[in-house]
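**Student:** Mind looking over this structure? Questions follow.
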Ligand SMILES: Nc1ncnc2c1ncn2[C@@H]1O[C@H](COP(=O)(O)OP(=O)(O)O)[C@@H](O)[C@H]1O
Ligand SMILES: [Mg+2]
């Protein structure tokens with residue numbers, strides 16, 4: 001059984017359709033890449049899955065439960081975390097306060113502390129910057145904070161929306177290697193990226209989204225060597 | 001000199017009441033991103049609740065104060081749920097603003113219907129007599145107003161910074177979408193904000209009518225507007241800003257009443273606001289508003 005199963009999902013902004021019958025599956029332990037051009041509907045897909053925007057049709061199942069109509073704030077405690085596009089850290093709070101908010105649904109202080117320790121192991125830089133206001137961090141550090149904050153809820157699956165966007169190449173490499181580490185630590189990952197090459201390199205399987213429709217899917221390695229993908233998304 | 005200091009103390013007293021009201025305004029603005037123009041009328045409802053319990057029914061003062069707080073808290077929750085929540089995602093900030101003005105009229109006219117439009121004499125809830133400290137005469141209400149506001153603000157700061165719901169409020173104020181991704185219910189947090197702001201308005205209403213005992217359905221209107229000015233003055237959205245703005249406004253009002261002109265004191269208050277906004281458009285403690293991308 002898939003951990004996350006999206007079936008025929010449609011979403012409109014007013015009368016304009018953004019998703020038109022999107023279906024995909026994420027199995028436990030996988031890294032799934034969702035790639036596509038700017039405006040294809042990747043962010044809309046993630047927003048709808050985590051309940052930030054309503055769907056017009058279709059079904060979203062998580063761990064066998066229908067979560068199509070579950071609002072965003074109830075999704076987190078079910079085991080799904082979302083690192084939004086543009087990071088959305090709380091700028092006027094410290095790194096530490098941001099991380100604690102990530103564990104808002106974790107009521108046990110002991111558990112919270114042990115997750116925090118793990119997160120600091122993934123992101124030693126966050127520990128160094130613990131007392132700094134999130135708004136004063138560099139873009140790469142904010143991305144790390146957004147990822148660390150999502151991990152603080154101890155999710156089964158973590159949805160990441162363009163984590164490498166706007167980062168210098170050094171940070172991009174670091175972020176991708178952290179995603180792999182997070183995956184090895186047992187988290188399932190749904191990764192949305194415009195950096196298709198990087199995403200396909202670390203992913204198990206991938207889906208290609210074009211103007212609100214899945215046009216291709218398969219093993220990430222196969223897509224990485226597919227001619228049409230190479231032309232359209234890898235700039236070859 | 002003695003009269004100046006006495007005026008200053010009176011200004012701080014009035015200012016601390018403005019501060020309590022302004023904090024409600026500023027919290028609702030910071031978290032719900034709306035101007036609740038009915039906030040001033042909640043003060044009036046609180047005062048009427050206390051008046052009814054204490055003067056009409058003859059029950060003990062603490063019961064009256066408690067009733068005012070409970071009544072306003074419930075009223076704040078009801079206003080938010082019934083009037084504002086349905087409009088929250090409707091897009092138009094103007095619709096919310098017009099609704100707020102509508103709620104304000106509704107409360108004023110409702111009070112007029114129940115209590116009539118004549119002015120009632122509110123009997124002070126403060127049992128303290130006027131204190132003479134050296135050459136100064138300080139009314140009991142003055143001391144109680146200042147103390148109450150200091151205590152309320154301190155408790156509120158601790159609540160916001162040290163508790164889970166407080167952190168949820170801060171998170172919603174900074175980024176609603178991100179807050180809901182943390183598992184925070186934005187709707188519940190906004191309701192809580194209205195509840196706290198309205199409870200404080202009840203306290204302000206009781207204090208205000210203890211200092212200035214004339215109570216009528218429009219009693220809350222002017223203090224409401226002034227508290228709004230105080231909140232803008234301090235930087236809307238900032239709790240310390242509202243506190244400082246409220247205190248300054250009270251002092252300016254009382255001093256201009258004493259030394260310039262009784263009739264012009266309100267005009268002077270608004271003139272000061274205009275000057276502050278010209279020099280520092282975000283208010284004393286305000287931050288540059290970040291546009292969301
Ligand atoms: N809030 C919105 N209101 C109206 N249209 C939107 C909104 N957000 C996105 N869209 C439109 O929906 C489509 C998909 O956008 P999005 O999901 O952000 O794409 P991606 O993340 O793949 O770049 C685009 O055409 C975009 O213009
Ligand atoms: Mg996007």
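The values are calculated or read from the model by the stated rules, or taken from the named source; none is laboratory data. Just so it is clear, the structure is predicted and the values come from calculations on it, not from any experiment. With ideal geometry, Cβ positions are generated from the backbone for all residues, glycine too; neighbour counts draw on all protein chains shown.
**Student:** May I ask you to list the residues in the stretch A:72-94 that are in a strand (DSSP E or B) and within 11 Å of chain B (Cβ to nearest Cβ)?
**Tutor:** A:80, A:81, A:82, A:83
**Student:** Still on this structure, I have one more. Give me the helices (runs of 4 or more DSSP H) completely within the stretch B:161-224, filtered to those with at least 2 residues that are in contact (Cβ under 8 Å) with a residue 40 or more places away in the chain and over 13 Å from residue B:20 (Cβ atoms), ordered by residue number.
**Tutor:** Once the helices (runs of 4 or more DSSP H) in the stretch B:161-224 are filtered for at least 2 residues that are in contact (Cβ under 8 Å) with a residue 40 or more places away in the chain and over 13 Å from residue B:20 (Cβ atoms), what remains is B:164-174, B:186-211.
**Student:** If you go through the stretch A:208-216 one residue at a time, do you hit one that is without any contact (Cβ under 8 Å) to a residue 60 or more places away in the chain, over 14 Å from the mean Cα position of the chain (by Cα), crowded, with 21+ Cβ neighbours inside 10 Å and away from ligand 2 (no atom under 16 Å from the Cβ)?
**Tutor:** no
**Student:** Further question on the same structure: Can you find a residue in the stretch A:95-106 that is more than 11 Å from every other protein chain (Cβ to nearest Cβ) and free of Cβ contacts under 8 Å to residues at least 24 places away in the same chain?
**Tutor:** No, the stretch A:95-106 contains no residue that is more than 11 Å from every other protein chain (Cβ to nearest Cβ) and free of Cβ contacts under 8 Å to residues at least 24 places away in the same chain.
**Student:** Do the conditions hold for residue B:77, that is, is it surrounded by fewer than 24 Cβ atoms within 10 Å (Cβ to Cβ) and closer than 27 Å to residue B:253 by Cβ?
**Tutor:** no
**Student:** Against the definition (modelled with pLDDT of 95 or more and more than 16 Å from ligand 1 (Cβ to nearest atom)), how does residue A:153 come out, yes or no?
**Tutor:** In short, yes.
**Student:** Could you run through the stretch A:3-21 and say how many residues are within 14 Å of chain B (Cβ to nearest Cβ) and within 16 Å of ligand 2 (Cβ to nearest atom)?
**Tutor:** The total comes to 1.
**Student:** Given the conditions (1) touching a strand residue (DSSP E or B) at 6+ places or on another chain (Cβ under 9 Å); (2) in a helix (DSSP H, G or I); (3) within 22 Å of residue A:28 (Cβ to Cβ); (4) away from every other protein chain (no Cβ under 12 Å), report the number of the one that residue A:143 does not fulfil.
**Tutor:** (3)
**Student:** Give me the residue from the stretch A:108-135 that is part of a loop (DSSP other than H, G, I, E, B) and touching a helix residue (DSSP H, G or I) at 6+ places or on another chain (Cβ under 9 Å) and, out of that set, surrounded by the fewest Cβ atoms within 10 Å (Cβ to Cβ).
**Tutor:** A:131
**Student:** I've got another one for you. Among the residues of the stretch A:10-36, how many are surrounded by fewer than 17 Cβ atoms within 10 Å (Cβ to Cβ), closer than 22 Å to residue B:177 by Cα and touching a strand residue (DSSP E or B) at 6+ places or on another chain (Cβ under 6 Å)?
**Tutor:** Summing the residues that are surrounded by fewer than 17 Cβ atoms within 10 Å (Cβ to Cβ), closer than 22 Å to residue B:177 by Cα and touching a strand residue (DSSP E or B) at 6+ places or on another chain (Cβ under 6 Å) in the stretch A:10-36 gives 1.
**Student:** Could you check, for the stretch A:182-194, whether at least one of its residues is in contact (Cβ under 8 Å) with a residue 12 or more places away in the chain, away from ligand 2 (no atom under 16 Å from the Cβ), in contact with a strand residue (DSSP E or B) (Cβ under 9 Å, 6 or more places away or on another chain) and farther than 20 Å from residue A:47 by Cα?
**Tutor:** Among the residues of the stretch A:182-194, at least one is in contact (Cβ under 8 Å) with a residue 12 or more places away in the chain, away from ligand 2 (no atom under 16 Å from the Cβ), in contact with a strand residue (DSSP E or B) (Cβ under 9 Å, 6 or more places away or on another chain) and farther than 20 Å from residue A:47 by Cα, which makes the answer yes.
**Student:** Same structure again: How many residues are more than 11 Å from every other protein chain (Cβ to nearest Cβ), in contact (Cβ under 8 Å) with a residue 40 or more places away in the chain and over 13 Å from the mean Cα position of the chain (by Cα) when one looks only at the stretch A:146-175?
**Tutor:** Total meeting the criteria: 1.
**Student:** Scan the stretch B:102-138 residue by residue and report those that are over 10 Å from residue B:217 (Cβ atoms) and part of a helix (DSSP H, G or I).
**Tutor:** B:102, B:103, B:104, B:105, B:106
**Student:** For residue B:163, which of the numbered conditions (1) within 14 Å of chain A (Cβ to nearest Cβ); (2) at positive phi; (3) exposed (fewer than 12 other Cβ atoms within 10 Å of the Cβ) fails to hold?
**Tutor:** (2) is the only condition that residue B:163 fails.
Conditions tested, residue by residue: (1) over 15 Å from the mean Cα position of the chain (by Cα); (2) more than 29 Å from residue A:229 (Cα to Cα); (3) in a strand (DSSP E or B).
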residue	(1), (2), (3)
A:2	yes, no, no
A:7	yes, no, yes
A:17	yes, no, yes
A:20	yes, no, yes
A:23	yes, no, yes
A:37	yes, no, no
A:43	no, no, no
A:70	yes, yes, no
A:96	yes, yes, no
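**Student:** In addition: Considering only the stretch A:37-52, state which residues are surrounded by 16 or more Cβ atoms within 10 Å (Cβ to Cβ), within 13 Å of ligand 2 (Cβ to nearest atom) and on the phi < 0 side of the Ramachandran plot.
**Tutor:** Passing the criteria: A:40, A:42, A:43, A:44, A:45, A:46, A:47, A:48, A:52.
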